[in-house]
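Computed from the coordinates by the stated procedures, all read-outs in this text should not be read as laboratory data. Since the model is a prediction, treat every value here as computed from it, not as a measurement. Note that we place each Cβ from the backbone using ideal geometry, even for glycine, and neighbour counts take in every protein chain shown.
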Amino acid sequence: MGEVIVITSGKGGVGKTTTTANIGTALALAGKRVVLVDADIGLRNLDVVMGLENRIVYDLVDVVEKVCRLKQALIRDKRFESLYLLPAAQTKDKNAVSPQQMQELCEQLKEEFDFVLIDCPAGIEQGFKNAIAGADKAAVVTVPEVSAVRDADRIIGLLSANDIDESKLIINRLRIDMVKRGDMMDIDDTLDILGIDLLGVVPDDERVVISTNRGEPAVTDDNSLAGQAYRNIARRLMGENIPIMDMETDEGFLAKIKRFFNANRKRA
Amino acid sequence: MFDLFKFFGKGESKSKDIAKERLKLVLIHDRANISPRYLDMIKDDVIKVISSYMEIDEKGMDIRLSRIPQKDDTYSTALVANIPIKKVKNLGPNKG
């Protein structure tokens with residue numbers, strides 16, 4: 001029996017879909033049976049982030065409306081053993097599915113897979129309620145900015161009001177250079193405000209954009225710091241005790257020299 | 001005006017600290033859910049409790065959340081109540 005994890009944030013654009021794609025791929029690379037469910041009905045994107053947009057025949061709403069069987073709608077990712085995608089419908093709206101139906105769908109998927117990752121839509125309305133209906137736990141994604149952290153707080157409250165008590169935080173797009181200048185809230189600041197446990201920290205990394213352009217998750221890129229962060233998150237979900245990585249180790253030589261001079265200039 | 005302290009990088013709060021303080025205050029309101037109503041509930045209860053000891057001016061009463069500057073340039077959040085007293089009730093000899 002697997003577990004259902006909803007990836008949610010409240011605010012849009014903080015990286016829910018990218019996070020879902022990367023954690024899912026990392027879990028599959030580690031040998032787990034994984035299905036990614038795109039719950040953002042009407043605004044589907046997980047397919048295109050995964051590079052599977054040309055393979056969709058049926059979608060989540062087709063399954064719920066019994067137009068097809070669940071197995072027919074699952075797209076197997078040929079690159080990664082044991083990774084599947086259940087795409088969202090693009091032409092329907094959020095009311096095409098009910099929380100009850102999502103719950104049943106999750107129960108069915110749990111039988112077959114070790115991990116069911118649900119990519120939740122932004123907002124706190126019907127789409128959110130559907131996405132969390134069948135979830136056992138939640139990963140709340142935020143970026144270290146006031147608007148995203150505020151929305152994350154709201155989401156944490158709503159999750160616990162819906163009896164999802166195991167919510168953990170993913171801090172996405174952390175910029176070490178800005179943290180050092182005191183111009184971005186750091187890990188401790190964010191945890192202090194939100195008061196939940198940390199699942200992982202993903203540094204801001206342009207390689208994520210590059211790999212998403214290609215439809216390949218960043219976890220497959222060995223040079224990507226964010227990819228490493230996602231692999232670490234996957235291992236934590238598998239129960240391993242992995243410390244938060246030191247994001248400074250990969251700072252380039254030039255950047256180090258630049259920082260040295262900048263620091264001295266300030267002191268002068 | 002030319003700000004000497006700013007020039008030397010002292011006395012200027014880091015933007016992340018400002019972000020953190022602002023967030024903390026806004027979350028107190030958010031978590032309290034419909035904050036004006038929540039404050040009214042507190043106000044009503046405070047009136048009830050204090051009224052058994054003294055007569056207070058309910059109209060002149062003011063209760064709000066505010067940020068109190070601390071010595072180290074940070075802020076702490078406090079519930080500040082200003083309650084004008086009309087008369088202290090005579091409860092007889094103190095039992096304490």
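So how strong a dipole does chain A carry about its Cα centre when Lys and Arg Cβ are +1 and Asp and Glu Cβ are -1, to the nearest 20 debye?
Dipole magnitude for chain A comes out near 720 debye.
Grab the beta carbon distance between B:Met41 and B:Glu21, set R0 = 22 Å, and tell me the FRET efficiency rounded to 0.05.
0.30
Take the stretch B:9-88, drop everything but the C-alpha atoms, weight them equally and run the Debye formula without solvent; then report log10 I(q)/I(0) at 0.15, 0.18 Å⁻¹ to two decimals.
Computed log10 I(q)/I(0) values: -0.67, -0.83.
What number, rounded to the nearest 500 deg cm²/dmol, is the helix-based mean residue ellipticity at 222 nm of chain A, given -39500 (n - 2.57) per DSSP H run of at least four residues and division by all its residues?
The helix contribution divided over chain A gives -12500 deg cm²/dmol.
Within the set of other residues whose C-beta is less than 15 Å from the C-beta of B:Lys43, count the net charge using Lys and Arg as +1 and Asp and Glu as -1.
-2
Subtracting the Cα-Cα distance from 0.36 nm times the residue separation, let me have the gained length for A:Glu104 to A:Arg181 in nm, one decimal.
Fully extending the segment from A:Glu104 to A:Arg181 adds 22.8 nm.
Give the Kirkwood hydrodynamic radius (Å, one decimal) of the stretch A:94-228, defined as one over the mean of 1/r across all pairs of different Cα atoms.
With all distinct Cα pairs of the stretch A:94-228 included, I get 16.5 Å.
For the stretch A:153-221 and the stretch A:68-86, what is the separation of their C-alpha centers, rounded to whole Å?
The stretch A:153-221 and the stretch A:68-86 have Cα centres spaced 28 Å from each other.
Å³ per residue of the Cα convex hull, for chain A?
Expressed per residue, the convex hull around the Cα atoms of chain A is 124 Å³.
Given the pairs A:Lys71/A:Lys129; A:Lys16/A:Lys129; A:Lys71/A:Lys137; B:Lys48/B:Lys87, which are separated by over 21 angstrom at their Cα positions?
Where the Cα-Cα span goes over 21 Å, the pairs concerned are A:Lys71/A:Lys129; A:Lys71/A:Lys137.
D for the stretch A:1-105, whole µm²/s, Stokes-Einstein with Kirkwood Rh over alpha-carbon pairs at 25 °C and 0.890 mPa s: what number?
The diffusion coefficient I find is 174 µm²/s.
So how long is each side of the stretch A:54-117 along the principal axes, counting just the alpha-carbon atoms, biggest first, in Å?
Principal extents (Cα only, largest first): 33, 27, 18 Å.
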